[in-house]
Amino acid sequence: MLSLRFHALVPLALSACLAPAWSAGASPTPDRPAQFILGGDLDQSGPVTLSQLRSLPAARQPAGGARAQVGASLWSVLDRAGIRVDASRRNDLLNRYVLVTGADGRKVVFSLGELSPHFGNRQGLVAYAESVDGVLAQPPGAAGLQVLATGDVQAGRRVAWPARIDVRTSASTVPEQGDVVSNAVRVSGAVRRPGTFDLAALKALPAVTRTVGADIYVGASLWHLLDTTLGLAAGQPLGMYVVASGSDGQKAVVSIGEIDPAAGNQPVLVAYQVNGVPIDVDGFARLVVPNDSRKSRHVSSLMALEVFVARP
Ligand SMILES: Nc1nc2c(c(=O)[nH]1)N[C@H]1C(S)=C(S)[C@@H](COP(=O)(O)O)O[C@H]1N2
Ligand SMILES: [Mo]
């Protein structure tokens, strides 16, 4: 499979590449329109056209050798449409996900946290052209659009012919607990063997150590816990997400594609030790998302992990 190991999105002086006048006859066929419908928690829903995509800053993702995919970042498409958040909730953005649905029904999820430049900064790409040595190889849109997951180690979250892109609030139902801290985390939803993990149960899983800034965390791998220990429910894991909730009601979505070793391969932990001492002041465990540039998804006093199949 095509390797898409981390590449920063590099702005491209696209106008220079567009000098040749492409013939009008090369426009997309009607059954493969170079547009999709944007919906959900956005100020501006509706069709996004090729010309709108091309009005956004061009971004590119290497596709092997001299080739690159050229497009607009998925984040910029959503940001331009105005992502709606509940300003009364701290970091409400992090309780939301993006569902990309292909014309063939394929469903792929991103968390808004992984896409946002303020957190994961793996912005995704809505590609409309391919370049070779920096020069566009075809008229933009001629081969249709595709959504790519920036930084994934394999191309499993690629969606050719996206039909819809929807922003949704997570389906988490875990309420705020009031003035208590967690001493166990309940794992529920789309897993084969739901269960509750206290400190001893977490410690019984393979221990993983990750350095985040000046802190060294030890904990269980979230992927190992969900996929190996509990078993993700049958279906498409790349169309699922998990919501971590703290006892104070703070929530963070992680897409399953983000942690799947065959997709995003992000080393997210359920940590119970920091710098050699137990995490025991603000609950017994916290989520740690090592490659986020802020700690906002590091939900402390972790009390629940709910796994969902994304709904449009
Ligand atoms: N349960 C819970 N976890 C939380 C928060 C919160 O309000 N409640 N705030 C988040 C935010 S916004 C940040 S920046 C970090 C701060 O972590 P620190 O106190 O270890 O620096 O915790 C995150 N985890
Ligand atoms: Mo924060």
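A few points about this structure:
- The number of residues in the range 219-233 that are open to solvent by less than 20 Å² (accessible area, probe 1.4 Å) and either in a strand (DSSP E or B) or touching a Gly at 6+ places or on another chain (Cβ under 9 Å) (or both) comes to 4.
- Residue among 254, 242, 208 that alone is open to solvent by 30 Å² or more (accessible area, probe 1.4 Å), more than 16 Å from ligand 2 (Cβ to nearest atom) and not in a loop (DSSP other than H, G, I, E, B): 208
- Of all residues making up the range 261-289, the number that are part of a loop (DSSP other than H, G, I, E, B), closer than 29 Å to residue 158 by Cβ and more than 16 Å from ligand 2 (Cβ to nearest atom): 8
- Residue check, residue 190 of a type outside the set (Asp, Glu), open to solvent by less than 60 Å² (accessible area, probe 1.4 Å) and touching a helix residue (DSSP H, G or I) at 6+ places or on another chain (Cβ under 6 Å): no
- With respect to the conditions (1) over 25 Å from residue 121 (Cβ atoms); (2) within 18 Å of the chain's Cα centre (by Cα); (3) open to solvent by less than 10 Å² (accessible area, probe 1.4 Å), residue 236 falls short on a single one, namely (3).
- Residue in the range 220-234 that is free of Cβ contacts under 8 Å to residues at least 60 places away in the same chain, farther than 16 Å from residue 307 by Cα, touching a strand residue (DSSP E or B) at 6+ places or on another chain (Cβ under 8 Å) and within 16 Å of ligand 1 (Cβ to nearest atom) present: no
Residue-by-condition table, conditions (1) open to solvent by 10 Å² or more (accessible area, probe 1.4 Å); (2) away from ligand 1 (no atom under 11 Å from the Cβ); (3) acidic (Asp, Glu):
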position	(1), (2), (3)
280	yes, yes, yes
288	no, no, no
295	yes, no, no
303	yes, no, no
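The values are calculated or read from the model by the stated rules, or taken from the named source; none is laboratory data. Given the structure is predicted, the values throughout are model-derived calculations rather than measurements. Don't worry about glycine lacking a Cβ; one is built from the backbone with ideal geometry, like all the others, and counts go over all protein chains shown. Quick note on the areas: whole protein, heavy atoms, side chains included, nothing else; ligands and nucleic acids left out. Shrake-Rupley method; radii C 1.70, N 1.55, O 1.52, S 1.80 Å.
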